[in-house]
Every structure is written in structure tokens, then in C-alpha cells.
Amino acid sequence: MRLLVIGAVAAGTSAAAKARRNDEDVEIVIYERDTHISYSGCGMPYYIGGVVEKGEELTPRNPEFFRNKYNVDIRTEHEVLGIDKDRKELKVRNIVSGQVFTNHYDKLIIATGASSVIPPIKGNELSHVFSLRNINDMYRIKHHMINRSPRNAVIIGSGFIGLEMAENLKGMGMTVTIVELLPQVSPTLDPDMAVMVEKHLEEKGVRVITGSLAKEVTEEEVLLSDGTRLPADMVIIAAGVRPNVELALAAGIRLGETGAIRVDEFMETSEKDIYAAGDCIEQFHAVSGKPVYRPLGSTANKTGRMAGNNATGGKLEFRGVLGTGIFKVFDLTVAQTGLSENEAKKEGYEISVSHNIKPDRPEYMGGKEMVIKSVADKSDGRLLGVQIVGEQGVDKRIDVFVALITFGARVQDLVHLDLAYAPPFSTTKDPVMYTGMIQENAIFGNRPLVTSDDLEELMSSDEKVVIVDARVKKQFEAAHVEEARNLPHSEFRDRLDDMDKDAVIVTYCNKGTTGNAVQNILLNRGFKKVFNLSGGHKTYSRYRHLKKKPE
């Protein structure tokens, strides 16, 4: 049997390696139009920034490695021009010699990856304008930095690559500006979490411009839609990626709703004996069950392995993605998994949202605060999604939440986790457990939460609303929710007589704990409609910052 693979980065090489483990006799050939294979694309910003010293560290394997270890023939600088599914042939061009030839396959795996989205910006072809998708892109950027010594960088887009490049270019001493078309950075996050990323960028000296379109690049500037002119002797376009589906489409292979190649749970396309994997395929979301396009290196490796296994007689089944992602930007780690608040609402869930603000370990052991935003289904407590922003311990917690959501955990399950505890690593009740306790109380314990959005809606409604600030007077005077009454927790029981039991009461403190304590007092004294402001005044103040930004 002959297995041909198109593409030799994450999915293609994973597929070939698994196919060889399954079958020693199958002939395996990979065609790759680029010069580098099986590279660590996610490490490229760190080579540009000097964190990774040698580019070769990101390309540890070459065709000879795969030939010697796996008996796989990888032919770089070979572009597949077409797929003849009826004759089971590929038309291939040797880019170096120009020779065009055909090769027969019994099974085919398409791992054509994705390409950078290049918006129609005038001047995007200039020599100081770059995207970062492969190793050659990386070397071109590094070469420009070494030979031109640019001082002013403009980054168009604020996804993973845009933010990682901002940190690394700033670390090289450059002036950095991020331009984002949407109203917030890091578009996959909910706005109340993304605002923390934006604030941190600004604290580190990165200028952030949201809600603005880059219209033109000149030799010295980037011109924005609002007339702003930004000095720029280097421009990075980081506006996302699109799946490379041209070959599949021309061959009559079906695409999915997202525009990527549609595959079944075994990675087989609409055409028998043709599989696809990696950044060119559509996935499905493990919570909603609906098609999504979430290209990530981890998913590419996973789906490549499955395609290689199934093309050689196996039956590994793909179980979907949660859209899990994590990135570092200066001192912050930002992670997410599952549905965001906005996505959950669009899917029709009635949700409970909590903002849990806790240190990753005791402060006496150097613990630092993290914000865990969780989204749960009010009907049964099922955990739907989590986002975390913090300096430490974020990666550990997000992976716990990934496992929980994957296996359908409910918020009431979280407190029963027997998590590892010692002061250098965690608090006695881990922030994961606290998240479950907060949500269980909110959904099943008659201790409901309101978000800052909910509070704004309440305040503009016909309901009589009383807002109680349970902090000490000094904190209240420094900043507070408009129309709030300052009734400190320590004095609260003595000042209940003038409270209206028929009103809707919203309590809050700095982060949520004392607000909940006052909420408990009110409910235990017979008040019926009492809510605690999720995440307290810290979260509300970020919300107000968002609302004050120009549209």
C-alpha cells in the first residue's frame, strides 16, 4: 500500500509516524512545498525576541531524520498541484527543477495547514511588512531587525501571535503599537477579561488602539481609518489564519460550515480513502457539538495521529475540541477553555457567571492573584467554560478545568476533587474548588450572582434597587458603584432596620467574599431578592473602564 501525505509540519509528520508504527510495509511519501518540516511554529516569536538563541532549536527534525527513524520519504520543495480522486493520483511539481510528475496513492492524507490572513491594506507588499506563519517568515523578520535596526513596530491584530510579538519586540527595545479592529484585544476572550490584558500591555509601555482599521502602510507610517498616523519601520500583520483548502476544493472534497475541510470522527473526508488533519480541517465543539475552526498545534498533532492511524486500518475517534488556549504576555498568563459567556448566551444556555479572585498559593509563599471567570448552566450546574488571567498557576488550573469540562462535570463536583495541596503549590481550598463553591451556592444555594452587565440593566429598570457597598469607609470613598450605600460588614447587622425587604438588593465588596457574607445576613433575615456582584468592585471597575472607551 502507498500512503501519500500533503504537508510535513505538525499534522502531516504525526500522521506519517503513526502510520509507520501501525504498518512496517506501507510506503509513505510526504510532499512539502516549504523548505522546513516538523517545526515549532509557536516558538517563533521567542526566537525573534532573543529568548530562543538559535533558530535551529525550532527545527530539530529534517527529512533525513524521518527517513532513518521511520522509513518515511519527505520531499521538500515539492508542491502538489492537484488531486485526481478518480485515478487516485497526485500531480506534483518539483519547485527546484520545475519537473511535473504524478504519483499514485492508495490512501491520501491532506495536511495542508493554514495561511496568514492578509487584509487588503494598501502597501502590505512593502519590504518592511511581515506576517509570521512559518520558519522562513521568522528568518525574514529577524534579518530585517538585524540589518535595518527598526525602532517603531506596528502590529495589526491582537491574537496569540500579535500579543507574543508585542512582548518580544518590546523586549528588544522597540516602540510597539497594537492596532485591533475589534473593540478589545484578544478577541476570543470575554471583554471583562480582555480588559486586563489591555491594561497590562499599556503598563508595559505598549500602545493599544482598538476599534480602528489600518488602511495604508507607507515606508515610514501606518495610516488608520480615523486619521491617526503611526510611525512604523516594521509592520507585523497578525490578523489570523485561513485554512488551505484550495486543493481539496478543486478535487470536489466537501468543505464544512466554517470553510475548512469537513471530516468525520475518523478524519475521513467526503471522499473514500482521503483523510485530512491539522489546520486545514473543521472541528466540532465538545460542549455545543457544533462545527468550529480552532487551528492549534496541539490539535494538529492529535488529528494527524488519528488520520495516520485510521488510514492504516485503525479506528481512533476524534472527540472534538474545547477551544483551549493559553499564552503569555509579559507577566501575565492568559488561558481559556470551553464556551465564553457570549458564546454560551448565543447557544441559548441560561447561565450563571462567576468571577473568582484568589491567589494561586498563600501570599506568605509568594502567591499572586488570579481571576477565574466561569460559566455554568443554571439548569443542572454543568460547567461550560472558564477563562483565567493571572501571573502564576494559571496553566495548572486551566488544565484541571479542561478535564472537568471534557467529562461533563457539574459545579457541585468541584469541591469533591482531591487536589494536591502544600503551601508552595496551592491554598488549602484550591481556586478550582472555590470556583465550584461559588457557582454551587449561586445556582443551588439561593446565593445568586449578578454580573456588572446585569447590574447596569437592573439600575436602568423599573425595579427598586438598593446597592450595598460592604467595604470600609475609606475604600468606599476612594471609588464605588454609583448610587451605592456604604454599609460596612462589621456594622451591617446593626443597620438593617431601614432596609426595604421588597427591594432588589445587590451587595458587593472588593472581590466578592464579603459581599457574599452580607448577602447571607440579608437572606437569613428574611430578605428575598438579594444578589452578590460577581467579582466585586475590582471587576466592576474594569467594566466601567470598558464602557468609557470610545466606540
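The values are calculated or read from the model by the stated rules, or taken from the named source; none is laboratory data. Everything quoted here is computed from the prediction, not taken from an experiment. Cβ placement follows ideal geometry from the backbone for every residue including glycine, while neighbour counts extend to all protein chains displayed. Keep in mind that these areas ignore ligands, DNA and RNA; they rest on the heavy atoms of the full protein, side chains included. Shrake-Rupley method; radii C 1.70, N 1.55, O 1.52, S 1.80 Å.
Could you give the accessible area per residue of the range 485-551, probe 1.4 Å, as a whole number in Å²? Numbers along the way, then the final one.
Numbers: 3410 Å² over 67 residues.
Counting only protein heavy atoms, the per-residue value for the range 485-551 is 51 Å².
Distance between the 7 Å Cα→Cβ label points at Asp418 and Asp454: 3.5 nm. The angle between the Cα long axis of helix 160-171 and the longest principal axis of the Cα atoms of the chain comes to about 80 degrees, rounded to the nearest 10.
Computed over the alpha-carbon atoms, the range 262-389 gives an Rg to Rh ratio of 1.08, Rh here being the Kirkwood radius from the mean inverse distance.
Please compute the per residue accessible area over the range 245-295 with all protein chains in place, 1.4 Å probe, rounded to a whole number of Å². Intermediate values should be presented prior to the final figure.
Details: 2140 Å² over 51 residues.
In whole numbers, the range 245-295 has 42 Å² accessible per residue.
Dividing the summed -39500 (n - 2.57) terms of all DSSP H runs of n ≥ 4 by the residue count of the chain sets its mean residue ellipticity at 222 nm at -8500 deg cm²/dmol.
Across the range 195-201, computed HN-Hα scalar couplings (Karplus, 6.51 cos²θ - 1.76 cosθ + 1.60, θ = phi - 60°) run 5, 5, 5, 4, 4, 5, 4 Hz from first to last residue, x flagging Gly and Pro.
With the cut-off at 27 Å, tell me which of the pairs Lys204/Lys474; Lys54/Lys373; Lys142/Lys204; Lys142/Lys373 have Cα atoms farther apart than that.
Values: Lys204/Lys474 29 Å; Lys54/Lys373 38 Å; Lys142/Lys204 23 Å; Lys142/Lys373 38 Å.
Listed pairs above 27 Å: Lys204/Lys474; Lys54/Lys373; Lys142/Lys373.
Quick one: pull the percentage of alpha-carbon pairs in the chain with a separation above 42 Å. Don't skip to the end; give the middle numbers.
On the way: 45342 of 151525 pairs.
Tail fraction, whole percent: 30.
Size estimate for the range 357-473 follows the Kirkwood approach: the inverse of mean 1/r over distinct Cα pairs works out to 15.7 Å. Between the Cα long axis of helix 431-444 and the first principal axis of the chain there is an angle of about 60°, rounded to the nearest 10.
In a DSSP loop and with at most 14 other Cβ atoms within 10 Å, the trypsin sites (Lys or Arg not before Pro) in the range 403-477 are Lys429, Lys464. Between helix 536-548 and the chain there is an angle of about 60 degrees, using the helix long axis and the longest principal axis of the Cα atoms. On a per residue basis, the range 327-476 carries 44 Å² of accessible surface, using protein heavy atoms and a 1.4 Å probe.
For Arg410, the amide hydrogen comes within under 5 Å of the amide hydrogens of Leu383, counting only partners 5 or more places away or on other chains and with H modelled in the peptide plane.
Suppose every K and R has +1 on its Cβ and every D and E has -1 on its Cβ; what is the size of the dipole of the range 174-253 about the Cα centre, in Debye to the nearest 20? Intermediate values should be presented prior to the final figure.
Working: 6 positive and 13 negative charges, 29 e Å.
Dipole magnitude for the range 174-253 comes out near 140 debye.
Give the peptides 115-128, 180-193 in descending order of average Cβ contacts within 10 Å, highest first.
By packing density, highest mean first, the sequence is 180-193, 115-128.
May I ask for the longest run of the chain untouched by chymotrypsin sites (Phe, Trp or Tyr not before Pro) that are loop-located per DSSP and have at most 16 neighbouring C-beta atoms (other than their own) within 10 Å? Longest run free of exposed loop sites: 1-265. Rounded to the nearest Hz, the phi-derived 3J(HN,Hα) couplings of the range 33-43 under the Karplus curve 6.51 cos²θ - 1.76 cosθ + 1.60 (θ = phi - 60°) are 7, 8, 9, 10, 10, 6, 9, 8, x, 6, x, where x marks glycine and proline. Placing +1 on each Lys and Arg Cβ and -1 on each Asp and Glu Cβ, with no other charges, gives the chain a dipole about its Cα centre of roughly 560 debye.
In this structure Lys315 has an accessible area near 150 Å², from a 1.4 Å probe over the protein heavy atoms. Here the range 441-551 yields Rg over Rh of 0.95, to two decimals, using C-alpha coordinates and the Kirkwood radius. Here's the picture: charge each Lys and Arg Cβ at +1 and each Asp and Glu Cβ at -1 in the chain, and of Gly113, Met365, Asn342 the one pushed furthest to the positive end of that dipole is Met365.
Multiplying the sequence separation of Asn62 and Gln392 by 0.36 nm and subtracting their Cα-Cα distance, what value in nm do you get? The partial results should precede the final answer.
Details: separation 330, 0.36 × 330 = 118.80 nm, distance 3.58 nm.
Extending this stretch completely gives an extra 115.2 nm.
Dimensions of the range 455-519 based on its C-alpha atoms, expressed as ranges along the principal axes with the largest first, amount to 31, 25, 19 Å.
Ranking Val530, Ser149, Thr451 by Cα position along the charge dipole of the chain, where only Lys, Arg, Asp and Glu carry charges on their C-beta atoms, puts Ser149 farthest toward the positive end. Overall form of the range 159-214: prolate. Here a/c, set by the Cα gyration tensor axes a ≥ b ≥ c, is 1.5 or more, and a/b is the larger of a/b and b/c.
Quick check: residue separation of Arg151 and Phe407 times 0.36 nm, minus the Cα distance between them. What number comes out in nm?
That works out to 87.3 nm of additional length.
Taking a label point 7 Å from the Cα of Glu216 along the Cα→Cβ vector, which residues of the range 103-126 have an amide N closer than 17 Å to it? Answer for this model: 120-126.
Computed from label points 7 Å out along Cα-Cβ, the spacing between Ser97 and Arg495 is 8.7 nm. Overall, the range 335-399 carries a charge dipole of about 80 debye about its Cα centre when +1 sits on the Cβ of Lys and Arg and -1 on the Cβ of Asp and Glu, all other atoms neutral.
Stokes-Einstein diffusion for the range 99-196 at 25 °C, viscosity 0.890 mPa s, with a Kirkwood radius from C-alpha pairs, works out to 151 µm²/s. Approximating the spin labels as points 7 Å out from Cα along Cα→Cβ, the Glu463-to-Glu53 distance works out to 6.1 nm. According to the Kirkwood relation over distinct C-alpha pairs, the hydrodynamic radius of the range 22-120 is 15.8 Å. Under a 5 Å amide H cut-off, with hydrogens placed 1.01 Å from N, Ile236 pairs with Phe130, Val154, Ile155, Ile156 among residues at least 5 apart or on other chains. Per the Debye calculation on the range 183-286 with a single equal scatterer at every Cα and no solvent contribution, log₁₀ I(q)/I(0) for q = 0.09, 0.16 Å⁻¹ amounts to -0.43, -0.85. For the range 84-114, the list of trypsin sites (Lys or Arg not before Pro) that fall in a loop by DSSP and count at most 13 other C-beta atoms within 10 angstrom reads Arg87. Which percent of the accessible area of the chain is formed by carbon and sulfur heavy atoms (probe 1.4 angstrom)? With neighbouring chains kept in place, the figure for the chain is 47 percent.
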